[in-house]
1. State, as an integer percentage, the relative contact order of segment 18-88 based on alpha-carbon contacts under 8 Å between residues 6 or more apart.
2. Hey, what do the phi angles of segment 63-74 turn into as Karplus ³J(HN,Hα) couplings, whole Hz, using 6.51/-1.76/1.60 and θ = phi - 60°, x for Gly and Pro?
3. Taking K and R as +1 and D and E as -1, what net charge do the other residues with C-beta under 13 Å from the C-beta of Gly66 add up to?
4. Going by accessible area, probe 1.4 Å, with all protein chains left in place, what is the ranking of Asp24, Asp77, largest first?
5. Ordering Cys88, Cys54 by how much accessible area each has at a 1.4 Å probe, largest first, what is the list?
6. Starting from the Cα of Ala80, step 7 Å along the direction of its Cβ; do the same at Ala28; then give the gap between the two resulting points in nm.
7. For segment 38-89, which trypsin sites (Lys or Arg not before Pro) are in a loop by DSSP, counting at most 16 other Cβ atoms within 10 Å?
8. Under a 1.4 Å probe, what is the accessible area of segment 18-88 per residue, stated in Å²?
Amino acid sequence: MSLLPTPPPPASGRTPQHAVQVVDGASAGTGAHVRSLTEGLVARGLRVTVCAPCGADAAYGFRGAGAHVAPLPAPGDPEAAAVLRRLCA
């Protein structure tokens, strides 16, 4: 387990950049890769949201890497697009 440096505070009056990552849960390699990307983005001061199926955070520890985790409805569910639109706005 790596120790991540504390991200620098945002410049005065600026909101930190926000990255949204989407994981479909199809493969273990994808979840591990998104966890790795999350660690690097958080270490550089970005806010990170990972949209993933229920249970993905328990498997990959996105929250432990500093991400906010948003449950993503099943692919094909019309609500999935609405969730992603809201999170990316």
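1. 32 percent
2. 4, x, 8, x, 8, 8, 10, 10, x, 10, x, 4
3. +2
4. Largest accessible area first, the list is Asp24, Asp77.
5. Cys54, Cys88
6. Each label point is offset 7 Å from its Cα along the Cβ direction, giving 2.3 nm.
7. Arg44
8. 53 Å²
The values are calculated or read from the model by the stated rules, or taken from the named source; none is laboratory data. Please read these numbers as outputs of a predicted model, since none were measured by experiment. In this analysis, Cβ positions are derived from the backbone assuming ideal geometry, glycine residues included, and neighbour counts consider all displayed protein chains. Only protein heavy atoms, including side chains, enter the accessible area calculation; ligands, DNA and RNA are left aside. Shrake-Rupley method; radii C 1.70, N 1.55, O 1.52, S 1.80 Å.
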